[in-house]
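Novice: Shown below is the structure under consideration.
The values are calculated or read from the model by the stated rules, or taken from the named source; none is laboratory data. These figures come from a predicted structure and were not determined experimentally. Methodologically, a virtual Cβ is constructed for each residue, glycine included, from the backbone with ideal geometry; neighbour enumeration extends over all protein chains shown. With ligands, DNA and RNA removed, areas are computed over all heavy atoms of the protein, side chains included. Shrake-Rupley method; radii C 1.70, N 1.55, O 1.52, S 1.80 Å.
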Amino acid sequence: MKYIDEFRDGDLARKLAADIRREARPEREYGLMEFCGGHTHAIFRYGIQGLLPDCVHMIHGPGCPVCVLPIGRVDNAIELARMPGVTLCCYGDMLRVPGSGRVSLLKAKADGADIRMVYSSADALKIAQENPERQVVFFAIGFETTTPPTAVVILQAETLGLNNFTVFSNHVLTPAAIGAIMQSGEARVDGVVGPAHVSTVIGSRPYEPFSAEYHMPVVIAGFEPLDMMQAILMLIRQINEGRAEVENEFTRAVTRDGNLKAQRMVDEVFELRDTFEWRGLGWVPDSALQIREKYAAFDAEKRFELTHASVADHQSCECSAIIRGVKNPLDCKLFGSVCTPDNPIGSCMVSSEGACAAYYTYGRYREAQKQDQT
Amino acid sequence: MCLAIPARVAELLENDLAVVDLGGVRKEISLALVDDVALGDYVIVHVGYAINRLDPEEAEKTLALFAEIAETLDSSPLTPHSSPI
Ligand code: SF4
């Protein structure tokens, strides 16, 4: 497909890999955090880590919306779905994330709750229009890419005067999560691969404070393998030269200011929450969005008076440490034995962008690849 | 869940809707988040919405950069591998 295939050329990837090998200094280590789950997925799918020299390590960051949602919020969604008269609509990945006592939305659905998987917020709105006797709740999750579509349906619901449609907002903010990682200083990060699609919406400007404050090079990269390789090369160059700038590899879709129309719509409907709980990062101030008072009629948290309880993760699950970039899935003793994509214990094993799921799906292939080389 | 792809606008419909072509598969999406999209434009589609436009000139520039890399023939050996790229 155009604008996809050209960015997957294997010979060019090997060429870029040779450049990376030439420029990376073997006497030092390069810890590069790919913030976004889309990059994690690409790294595994295309075997990118295998193309890199030993001194360059990719660290998986917290940028998967399914992975970072804490158990308490999953429980809230299950509680909503079980209320009489309620239809809960959610994106597919959320269905399998275990809540308290390992009960997932899928389990609640099997038990009779009316839960519908939707591809788009627009589908949820349509279900509300077609079922006026039901209270339809859209379980909204995601970073800055999914928030504008949620804002659109809230604005449309208001125009349509719908009184049976609400949104359970779990929208979170990328810069706040990057800030939390930088501040903790736990993970050894020398450079950040900035998200592709989030940045098409927010632009490259929000990363500028990180490069200044933490002397952190950031390169925004597309999700195709050549984009990733090029971004890694650009980060290594910055690190070698002692620079810390925001550079943009994904100029075909990212500008400094981003999509202003989308930003305006989000700002019309949403405001900052004082604090929000993340899996792995704990409570992070100013890191998530809630629906403004003006649109309170469409806020499920208010209509159904939800209260949030913090619930600890399964005691052996290492998702929290993985999200913070301090451990990898192979450090978890449940990985691949008790915990698999068919039977996930933690959220990182659920979505295809979760680190555990990526290791599980492509990791075995990678092991085989390593053996081929020896 | 964050995966999004560039797609060509194949048909403009009423109410900010459009049909895009994804390598032969046609899909209805919303253009509510981007202004002035024309037929034939490429947009980045995510959860049923175009979240931004793709700039063909910038895409060409990036590809030209890669083409340059391809020309500078390199002699350093790269371990063969079986990456599925
Ligand atoms: S393998 Fe499963 S239990 Fe272990 S960290 Fe990953 S998701 Fe959690």
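Novice: Only counting protein heavy atoms at a 1.4 Å probe, give the residues of region A:164-198, ordered by number, whose accessible area falls by 40 Å² or more when the other protein chains are present relative to the chain alone.
Specialist: Listed by number, the residues meeting the 40 Å² cut-off are A:His197.
Novice: Here's a follow-up. For region A:1-149, give the percent of accessible area contributed by carbon and sulfur heavy atoms, probe 1.4 Å, rounded to a whole number.
Specialist: Ligands and nucleic acids excluded, carbon and sulfur give 51 percent.
Novice: Related question: Can you list the residues of region A:48-97 that have at least 10 square angstrom less accessible area with all protein chains present than in their chain by itself, probe 1.4 Å?
Specialist: A:Leu51, A:Pro65, A:Tyr91, A:Asp93
Novice: Using a 1.4 Å probe on the protein heavy atoms only, what accessible surface does A:Phe44 show? Give it in Å² to the nearest 10.
Specialist: Using a 1.4 Å probe on the heavy atoms, I get roughly 10 Å².
Novice: Then there is this: Excluding ligands, DNA and RNA, what is the solvent-accessible area per residue of region B:5-74 at a probe of 1.4 Å, expressed in Å²?
Specialist: Value returned for region B:5-74: 50 Å² of accessible area per residue.
Novice: Quick one: grab the alpha carbon gyration tensor of region B:5-74, order the square roots of its eigenvalues as a ≥ b ≥ c, and give me rounded if a/c is under 1.5, else prolate or oblate depending on whether a/b is larger than b/c.
Specialist: prolate
Novice: Any idea of the total accessible area buried by the A-B contact, 1.4 Å probe, rounded to 100 Å²?
Specialist: Chains A and B together bury approximately 4700 Å².
Novice: What is the mean number of Cβ atoms from other protein chains located within 10 Å of the Cβ atom of each residue in peptide B:29-42, rounded to a whole number?
Specialist: 3
Novice: Right, here's the next one. Counting pairs of alpha carbon atoms under 8 Å apart in space and at least six apart in sequence, what relative contact order in percent does chain A give?
Specialist: 22
Novice: Please tell me the relative contact order of region B:5-74 in percent, rounded to the nearest whole number, where contacts are Cα pairs under 8 Å and at least six residues apart.
Specialist: Relative contact order comes out at 25 percent.
Novice: I would also like to ask the following. Can you grab the distance from the C-alpha centre of region A:37-116 to the C-alpha centre of region A:143-158, Å, no decimals?
Specialist: Comparing the Cα centres of region A:37-116 and region A:143-158, I get a distance of 20 Å.
Novice: Rounded to the nearest whole Å², what accessible area per residue is found for chain A with the 1.4 Å probe?
Specialist: Here the per-residue accessible area is 37 Å².
Novice: I've got another one for you. With a 1.4 Å probe on protein heavy atoms only, tell me which residues of region A:114-146 lose at least 20 Å² of accessible surface in the complex relative to the chain by itself.
Specialist: The answer is A:Tyr119, A:Ser120, A:Thr145, A:Thr146.
Novice: Please report the carbon-and-sulfur percent of the accessible area for region B:5-74; probe 1.4 Å, protein heavy atoms only, DNA, RNA and ligands left out.
Specialist: Answer for region B:5-74: carbon and sulfur cover 50 percent of the accessible area.
Novice: OK, next. How large a share of the accessible area of region A:163-275, in percent, is made up of carbon and sulfur atoms when the probe is 1.4 Å and the other protein chains stay in place?
Specialist: Looking at region A:163-275 in its full context, I get 49 percent from C and S.
Novice: Here is a further query. Using a 1.4 Å probe on the protein heavy atoms only, what accessible surface does A:Arg21 show? Give it in Å² to the nearest 10.
Specialist: So the heavy atoms of A:Arg21 present about 80 Å² to solvent.
Novice: So what's the back-of-envelope 222 nm ellipticity for chain A, counting only DSSP H runs of four-plus at -39500 (n - 2.57) apiece and dividing by all residues, rounded to 500?
Specialist: About -11500 deg cm²/dmol.
Novice: Still on this model: At a 1.4 Å probe radius, which order do A:Ser310, A:Ser316 fall into by accessible area, largest first?
Specialist: Listed by decreasing accessible area, they come as A:Ser310, A:Ser316.
Novice: Taking R0 as 25 Å, what FRET efficiency do you get between B:Asp55 and B:Ala10 from their Cβ-Cβ distance, rounded to the nearest 0.05?
Specialist: For R0 = 25 Å, the calculated efficiency reads 0.85.
Novice: Take the cross-link list A:Lys15/A:Lys261; A:Lys15/A:Lys333; A:Lys107/A:Lys261; A:Lys109/A:Lys261; A:Lys15/B:Lys27; A:Lys126/A:Lys294 and give me the ones stretching past 28 Å between alpha-carbons.
Specialist: A:Lys15/A:Lys261; A:Lys15/A:Lys333; A:Lys107/A:Lys261; A:Lys109/A:Lys261; A:Lys15/B:Lys27
Novice: Can you work out the Karplus-derived ³J(HN,Hα) for every residue in region A:302-311? Use 6.51 cos²θ - 1.76 cosθ + 1.60 with θ = phi - 60°, whole Hz, and x for glycine or proline.
Specialist: Calculated HN-Hα couplings, in order: 7, 4, 9, 6, 6, 10, 9, 10, 7, 10 Hz.
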